[in-house]
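For reference, the structure discussed in these notes is given below.
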Amino acid sequence: MEGLIPLVNRLQDAFAALGQNCLLDLPQIAVVGGQSAGKSSVLENCVSRDFLPRGSGIVTRRPLVLQLITAKTEYAEFLHCKGKKFTDFDEVRQEIEVETDRVTGMNKGISSVPINLRIYSPHVLSLTLIDLPGITKVPVGDQPPDIEQQIRDMIMQFISRENCLILAVTPANTDLANSDALKLAKEVDPQGLRTIGVITKLDLMDEGTDAREVLENKLLPLRRGYIGVVNRSQKDIDGKKDIKAALLAERKFFLSHPSYRHMADRMGTPYLQKVLNQQLTNHIRDTLPAFRSKLQSQLLSIEHEVEVYKNFRPEDPTRKTKALLQMVQQFSVDFEKRIEGSGDQVDTLELSGGAKINRIFHERFPFELVKMEFNEKELRREISYAIKNIHGIRQVLPCLFTPDMAFEAIVKKQIVKLKGPCLKSVDLVMQELINTVKKCTKKLATYPRLCEETERIVAGYIREREEKTKDQMLLLIDIQVSYINTNHEDFIGFANAQQRSSQVNKSAVGNQVIRKGWLTINNIGIMKGGSKEYWFVLTAESLSWYKDDEVRKEK
């Protein structure tokens, strides 16, 4: 049991040296709290040494993986300073500041790259804690405007892991319901199963108030409960008050305070250290079987990948050529699959590749055509000016059809407007092809030079095709503009208009009866004189009249 925490420490060091976590979720304790909540003081009390940077604003700007190891002598080691032992803890503080500035710069920025610090001491219990940046609300100095979101994302990156215990540090002189640490912890651990509450600054509460209900786990219950601590004040820190004396004063505070006297044995930094050691050890023991299974699974997967390179000889030129050709061929296959839509990995978040190009042709291009400005009033005015300019000095007589020259001038002007949407569609397709190339070259990231050259060559070829495509498209539009065949069936000329009008009228009217009634015809014969009545029927195709009574009745 005692070897579990050192085992995880060695794994953390190994993964940190590799620059990755190997997708393994290591059991650990993350310290979360707002600025000035007392996180640094809690950690220093656990070590019994002043070793953390202090100041206003964000002081902790990189995660600090603090490994405490019980030993007979007292010294510190940094993973990035292998072989160097620090016996002066002021130098430890300076090294933390220097290493932080090396990665984040001097502008109070933050980074998720951790600093690994190991402290050996007879005054500590074996324990591993990750000190995270304090939660802030307002950017200071040159900090980016979204510094709060950046810190939140970093904290969530650690505490959202199921194997991470959360040490939520909250000052007692603020409302517990507004605790930033407990709020974040509740988001990822709503039932409070892996959250340990730490209440600081109990000695700074207003007179007549106490945190008894909180410490008794009645107000906001947590499975692992709350522990109260009393840290050194800023005055004590400035006066270089010894931490051992501060721990004695803390013990005296709990024994003498009427609200905490009955629970004094379960309060204070020594008890917190003991609880964290037990909790982390038990947590590692509980998660070890699943962790071991996952580690073995990844080991088998890596061994299978290594098997491919078992007989690999880096200096063999034929091997290099074969590997190069295989990667280029794979790039070609991936690109084709993304365009044709038969890729192994289907993107469910957004359209890409061939699907997006299809959308450009069938949705975006028609949309761009619809967006083309068409002012009917302006068009009528242009037609009027065109007709008048064609007639010149002659008087413009009313006519049924627009003169050919005026018609062609107006139509050509409208056809030319198609160039804009067409060229824009080509640009969109080209951009999507370039994006597809970048996605396909991600598999070549192991070889940055090859990746860069492949992307440059293919993108250059696509741009060459883009210029030729645009030239061809403009040529097609110019062809349409150069000659307009008004005798085409899609156009209605004068003859076609007459024919269509006749067909429409016939189909609409048919042999419809237009009028019927009595018709008196005078002077039917030269010799006879007089007049006679007839029944007539006028249809769309003929005029008929009848004199027989029976026929008249039938009609």
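The values are calculated or read from the model by the stated rules, or taken from the named source; none is laboratory data. Bear in mind that the values here come from a model prediction, so they are computed numbers and not experimental data. Virtual Cβ from ideal backbone geometry, glycine too; neighbours counted across all protein chains shown. With ligands, DNA and RNA removed, areas are computed over all heavy atoms of the protein, side chains included. Shrake-Rupley method; radii C 1.70, N 1.55, O 1.52, S 1.80 Å.
Couple of notes before you dig in:
- Filtering the range 91-113 to residues that are closer than 26 Å to Leu276 by Cα and in a helix (DSSP H, G or I) leaves Val92, Arg93, Ile96.
- Any hit, the range 252-259, residues being assigned by the TED database to the domain that holds Glu44 and open to solvent by less than 20 Å² (accessible area, probe 1.4 Å): yes
- The one condition in (1) at pLDDT below 85; (2) not in a loop (DSSP other than H, G, I, E, B) that Asp142 fails to fulfil: (2)
- Listed conditions (1) under 26 Å from the mean Cα position of the chain (by Cα); (2) in a helix (DSSP H, G or I) are all met by Pro190, apart from (2).
- In the set Val458, Val411, Val437, only one residue is in the same structural domain as Ile360 (by the TED database) and under 24 Å from Val370 (Cβ atoms); that residue is Val411.
- First in the range 203-214 and in a loop (DSSP other than H, G, I, E, B), second anywhere and polar (S, T, N, Q), Cβ under 9 Å, 6 or more apart: Met205/Asn173; Asp206/Asn173; Thr209/Asn173; Asp210/Ser259; Ala211/Ser259
- Among residues of the range 83-106, those that are of a type in the set (A, V, I, L, M), open to solvent by 50 Å² or more (accessible area, probe 1.4 Å) and touching a residue at least 24 places away in the same chain (Cβ under 8 Å), counted: 1
- Tally of residues being assigned to a loop (DSSP other than H, G, I, E, B) and either in contact with a His (Cβ under 8 Å, 6 or more places away or on another chain) or open to solvent by less than 70 Å² (accessible area, probe 1.4 Å) (or both) across the range 227-240: 6
- First in the range 52-74 and under 21 Å from Met106 (Cα atoms) and crowded, with 19+ Cβ neighbours inside 10 Å, second anywhere and among the aromatic types (Phe, Trp, Tyr) and at pLDDT 85 or above, Cβ under 9 Å, 6 or more apart: Pro63/Phe158
- Counting the residues of the range 427-453 that are open to solvent by 20 Å² or more (accessible area, probe 1.4 Å) and part of a helix (DSSP H, G or I) gives 17.
- Residue check for Ile360: part of a helix (DSSP H, G or I), modelled with pLDDT under 80, under 25 Å from Ile479 (Cα atoms) and touching a helix residue (DSSP H, G or I) at 6+ places or on another chain (Cβ under 8 Å): no
- The set of residues in the range 178-199 that are of a type outside the set (D, E, K, R) and without any contact (Cβ under 8 Å) to a residue 12 or more places away in the chain comprises Asn178, Pro190.
Every residue, every condition in (1) open to solvent by less than 50 Å² (accessible area, probe 1.4 Å); (2) more than 31 Å from the chain's Cα centre (by Cα); (3) closer than 22 Å to Gln278 by Cβ; (4) not acidic (Asp, Glu), yes or no:
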site: Ile115; (1), (2), (3), (4): yes, no, no, yes
site: Ile119; (1), (2), (3), (4): yes, yes, yes, yes
site: Leu127; (1), (2), (3), (4): yes, yes, yes, yes
site: Lys137; (1), (2), (3), (4): no, no, no, yes
site: Gln150; (1), (2), (3), (4): no, no, no, yes
site: Ile155; (1), (2), (3), (4): yes, no, no, yes
site: Glu162; (1), (2), (3), (4): no, no, yes, no
site: Pro171; (1), (2), (3), (4): yes, yes, no, yes
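- Selection count where residues are out of contact with any helix residue (DSSP H, G or I) (no Cβ under 9 Å at 6 or more places or on another chain) and of a type in the set (Gly, Ala, Ser), scope the range 437-472: 1
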